[in-house]
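To start, the structure itself, in structure tokens.
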Amino acid sequence: MPIIMAVCVVVGILIGTFYANHFSGNRLSIINSGSNKLNNLLHIVEDQYVDTVNVGDLVEKAMPQILSELDPHSVYISAKDVQMATDDLRGSFSGVGIEFTIRQDTLHVQKVISNGPAERAGLIAGDKIVRVDGDNFTGKKLTNEEAMHRLKGPKDTQVKLGVMRFGEKKIREFNVTRGDIPTKSVTAAYMLDKETGYIRIRNFGENTYPELLIALAKLAQQGIRNLTVDLRGNTGGYLQSAVQIANEFLPKNRLIVYTQGRKSPRQEYKSDGRGSYQHIPLVVLIDEGSASASEILAGAIQDNDRGTIIGRRSFGKGLVQQPIEFNDHSMIRLTIARYYSPSGRCIQKPYTSGDNKDYEEDLMARYEHGEFFSQDSIKHEGPAYKTTLGRLMYGGGGITPDIFVAEDTTNVTSYYKQAAMSGLIIQFAFEYTDNNRKTLSQYEDEKELEQYLKRQNTVELFAAYGDSHGLKRRNLMIQKSHKMLEKFINSRIIYNIMSEEAWMMYLNQDDPAIKETLRVFRENRAFPAPPAKEEPLKKAAWRWGISNKA
């Protein structure tokens with residue numbers, strides 16, 4: 001027995017030596033897979049590099065680079081940024097309850113959320129937060145990220161805010177107890193006319209579907225017979241929310257969307273026939289800012305011939321990300337599948353792995369190509385597909401609308417572009433609001449406030465303000481762009497002093513897409529008609545952002 005055991009040991013050593021030499025030679029004595037190479041590289045750097053290296057920081061910098069080699073939407077989110085990345089979709093977050101903007105290295109309270117912690121503590125719109133928990137809170141170190149970090153926090157924790165109030169010289173101190181702050185996805189719901197309801201969905205979060213049902217119930221009480229769902233600028237969110245909303249409008253057993261990937265078998269999402277609005281005439285508005293879940297909803301309505309899509313070609317984001325969390329609470333969102341519309345169209349526009357430059361500049365390329373202004377400039381590079389009624393649609397990325405609405409640039413001048421893109425209009429509107437808050441607050445609706453602002457000649461006031469802030473006055477350009485300047489300036493003042501719904505009501509008054517929507521309803525063309533003969537479907541302004549919340 002001892003002789004047999006000795007022979008076995010010797011044979012084992014010989015076999016082990018053979019495989020070690022065969023697979024590794026003079027290399028490191030590990031299986032030389034990619035993952036082990038990375039781990040081993042980090043160990044070598046930490047052990048032998050000439051200077052001391054923080055390997056953790058090295059990993060944080062390397063992770064985004066690795067994922068960027070896969071596709072444009074696989075991303076790494078550091079632990080400190082995870083909460084910010086998910087708060088907007090969760091339906092609520094814990095904070096003080098304000099909307100703020102940072103101007104001249106100072107945090108300005110733009111709005112105080114009704115019945116929120118800040119309002120209960122006594123803060124008002126226009127206040128400037130200059131101290132947090134006794135520390136100075138101004139200067140170049142003040143960023144949106146830093147403000148979020150300091151103002152948000154666990155529920156029932158307290159933060160001490162030092163506030164400068166307009167017209168006062170002394171700092172006021174407020175103790176604010178953080179609480180749950182709702183974040184709404186449905187930001188406007190009102191009647192465009194006596195029969196037509198309008199609902200704007202800003203994103204698709206956890207509470208979007210119940211918010212939509214509440215909005216529909218509100219409009220039903222006002223006699224809604226037609227419905228417009230505005231998804232312009234909606235960058236997406238949760239798939240399930242888009243599926244629930246599509247289900248509300250579709251007959252039973254209609255395919256809404258399906259996903260499929262290399263390791264993800266085809267998964268179909270179908271309507272269950274329980275929707276309460278299966279027969280209401282429907283228009284969905286989209287533009288180049290509509291992405292992901294927005295495109296799922298628009299594609300489901302279009303491919304099932306359930307309503308009419310109006311606007312411009314959507315973004316083309318059809319990759320499915322799965323969140324994967326690490327032990328330190330950082331996260332990756334890894335692409336595991338693609339979205340396909342009911343007809344089989346892949347929503348994702350083309351991209352080159354590891355080269356995101358062209359992808360990131362796609363919207364600018366569309367603009368320069370003329371796609372925002374001409375229906376005939378839309379490129380259809382993908383295969384053709386058919387809707388339920390046999391209408392032809394095209395793949396190649398995004399959802400092409402049934403009715404194209406060009407972006408109006410007739411009166412755009414270089415002065416307007418510089419005023420808008422420099423942020424001077426938003427800055428002026430905030431300062432004007434701050435200096436006239438008492439007067440502006442007297443107006444109860446956006447129409448009354450609009451008339452007041454027109455009498456104040458805000459364009460002239462802005463021209464003088466811009467001239468004193470480096471934007472040289474150009475009288476002829478100002479005259480040509482007067483209507484656009486007035487719209488932008490007054491819209492921001494209305495947003496600052498009123499609700500987001502009032503802001504949208506003002507913007508929609510002369511919106512070309514809204515006008516086209518009302519025409520479609522008047523002519524009873526919301527439900528697409530089958531093609532008379534088999535032929536290809538004809539080829540088919542700045543939207544202003546919202547402030548930070550904390």
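The values are calculated or read from the model by the stated rules, or taken from the named source; none is laboratory data. Since we're looking at a predicted model, the values are computed, not measured. Cβ: placed from backbone, ideal geometry, glycine included. Neighbour counts: every protein chain shown. Side chains are part of the model used for accessible areas, which takes the heavy atoms of the whole protein and leaves out ligands, DNA and RNA. Shrake-Rupley method; radii C 1.70, N 1.55, O 1.52, S 1.80 Å.
Points to keep in mind about this one:
- Cα centre as origin, Lys/Arg/Asp/Glu Cβ charges: the chain dipole, Debye: 760 debye
- Highest to lowest packing among 163-175, 282-294, scored as the average C-beta count within 10 Å: 282-294, 163-175
- The lysines within cross-link reach of Lys37, meaning a Cα-to-Cα straight distance under 25 Å and a gap of 8 or more places when in the same chain, are Lys61, Lys263.
- Assuming charge only on the beta carbon of Lys and Arg (+1) and of Asp and Glu (-1), the dipole of region 286-373 about its Cα centre is about 300 debye to the nearest 20.
- Straight-line reach from Lys487: taking Cα to Cα under 19 Å and skipping same-chain neighbours fewer than 8 places apart, the lysines in range are Lys417, Lys447, Lys454, Lys515.
- Residue separation of Lys263 and Phe166 scaled by 0.36 nm, minus their Cα-Cα distance, works out to 29.0 nm of gained length.
- Between Met364 and Asp105, the simple spin-label model (points 7 angstrom out along Cα→Cβ) gives 3.0 nm.
- Rolling a 1.4 Å probe across the protein heavy atoms gives the chain an accessible surface of 51 Å² per residue.
- Burial ranking of peptide ranges 68-78, 106-116 (average Cβ count within 10 Å, highest at the top): 106-116, 68-78
- Largest to smallest principal axis extent of the C-alpha atoms in region 102-240, angstrom: 55, 34, 30
- Sites Lys252 and Lys515, calculated FRET efficiency, Cβ-Cβ separation with R0 41 Å, nearest 0.05: 0.75
- When you filter the trypsin sites (Lys or Arg not before Pro) in region 473-510 for DSSP loop state and at most 16 other Cβ atoms inside 10 Å of their Cβ, you are left with Arg473.
- Rounded to 5, percent antiparallel among DSSP beta bridges of the chain: 75 percent
- When the solvent-accessible area of region 109-171 is split by element, carbon and sulfur atoms take up 49 percent of it, the probe being 1.4 Å.
- For region 506-523, Karplus couplings with θ = phi - 60° (6.51, -1.76, 1.60), whole Hz, Gly/Pro x: 5, 5, 7, 3, 10, 6, x, 5, 5, 4, 5, 4, 5, 5, 4, 5, 4, 8
- Separation in nanometres of the label points that stand 7 Å from Cα toward Cβ, at Lys447 and Asp408: 1.9 nm
- Within the accessible area of region 204-323 (1.4 Å probe), percent carbon and sulfur: 46 percent
- Segment Thr143-Asp51, extension gain: residue separation times 0.36 nm, minus the distance between their alpha carbons: 29.9 nm
- Using a probe radius of 1.4 angstrom, the carbon and sulfur fraction of the accessible surface of region 363-520 is 49%.
- Alpha-carbon centroids, region 413-449 and region 143-218: separation in whole Å: 20 Å
- For the chain, calculated [θ]222 nm from helices alone, where every DSSP H run of n ≥ 4 adds -39500 (n - 2.57): -11500 deg cm²/dmol
- Straight-line cross-link reach from Lys141 at under 19 Å between alpha-carbon atoms covers these aspartates and glutamates, not counting any fewer than eight positions away in the same chain: Asp81, Asp105, Asp133.
- Rounded to 0.05, the FRET efficiency of the Ala529 and Ser276 pair, given R0 = 30 Å and the Cβ-Cβ distance, is 0.75.
- More than 47 Å apart - percent of Cα-Cα pairs taken over the chain: 22 percent
- For the listed peptides 223-231, 299-307, 137-145, a ranking on the average number of other beta carbons within 10 Å per residue, highest first, reads 299-307, 223-231, 137-145.
- Contour excess over end-to-end distance, with Cα ends at Leu70 and Arg455 and 0.36 nm allotted per residue: 133.1 nm
- If R0 is taken as 45 Å, the Cβ-Cβ distance between Lys472 and Arg131 corresponds to a FRET efficiency of 0.75.
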